[in-house]
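Below is one structure; the comments refer to it alone.
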Amino acid sequence: MAVLKTYARLWVDDLDVSLPSLRALVGAEPDLRFAFDAIELAAIGDFLVIAGPPEERARYGHASATVIVDDLDAVVAGLTAAGGEITTPEATGPTGRYLYSRHAGGAEVEYVEWVPELVARIIGPLVVRRPADTPR
């Protein structure tokens, strides 16, 4: 299992008002922008901007980060073996499969396995590193 990208979550009232300053900060346009339930999301740089009414945003506020991984099943196996638990079961959304978990010690994280098209567009070709390739 590899972590492909980690997003810091930013909670905002209005996505259109928030994006201009983030465009200037990261020097790029959003990689993603979509609606999910009653909220809107945009991924720009290393930020996942989550917009909508406070009561809707609160449904997702328990996770401190969104982590994009190449194998969600391996995440589940690793988390449960290390004493973590799945707090929101796997589901499918506009970007792929996702779930929420609580790590041993209490950290809560959203894990997402993107659809291949997003991995190719945003991450690029994946390089698989074997233990022998790992720098010492």
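Values as computed for the structure displayed
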read-out: The stretch 27-51: number of residues that are open to solvent by less than 50 Å² (accessible area, probe 1.4 Å) and farther than 23 Å from GLU90 by Cα; value: 4
read-out: Flag if GLU56 is touching a residue at least 12 places away in the same chain (Cβ under 8 Å) and touching a strand residue (DSSP E or B) at 6+ places or on another chain (Cβ under 6 Å); value: yes
read-out: Filter pass, VAL69 being under 14 Å from the mean Cα position of the chain (by Cα), within 14 Å of TYR100 (Cα to Cα) and of a type outside the set (Lys, Arg); value: yes
read-out: Any hit, the stretch 4-11, residues being of a type outside the set (Val, Ile, Thr), over 21 Å from LEU118 (Cα atoms) and open to solvent by 70 Å² or more (accessible area, probe 1.4 Å); value: yes
read-out: Filtered residue count, the stretch 68-115, keeping only those that are outside any loop (DSSP other than H, G, I, E, B) and out of contact with any helix residue (DSSP H, G or I) (no Cβ under 6 Å at 6 or more places or on another chain); value: 30
read-out: GLY83 being farther than 21 Å from LEU4 by Cβ, touching a strand residue (DSSP E or B) at 6+ places or on another chain (Cβ under 8 Å) and open to solvent by less than 70 Å² (accessible area, probe 1.4 Å); value: no
read-out: Any pair with Cβ under 6 angstrom, 6 or more apart, that starts in the stretch 1-17 at a residue that is farther than 30 Å from ASP73 by Cα and aliphatic (A, V, I, L, M) and ends at one that is open to solvent by less than 50 Å² (accessible area, probe 1.4 Å) and not in a strand (DSSP E or B); value: VAL12/SER18
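The values are calculated or read from the model by the stated rules, or taken from the named source; none is laboratory data. Note that this is a predicted model, so its numbers are computed, not measured. Note: ideal-geometry Cβ built from the backbone for every residue, glycine included; neighbour counts use all protein chains shown. For accessibility, only protein heavy atoms count, side chains too; no ligands or nucleic acids. Shrake-Rupley method; radii C 1.70, N 1.55, O 1.52, S 1.80 Å.
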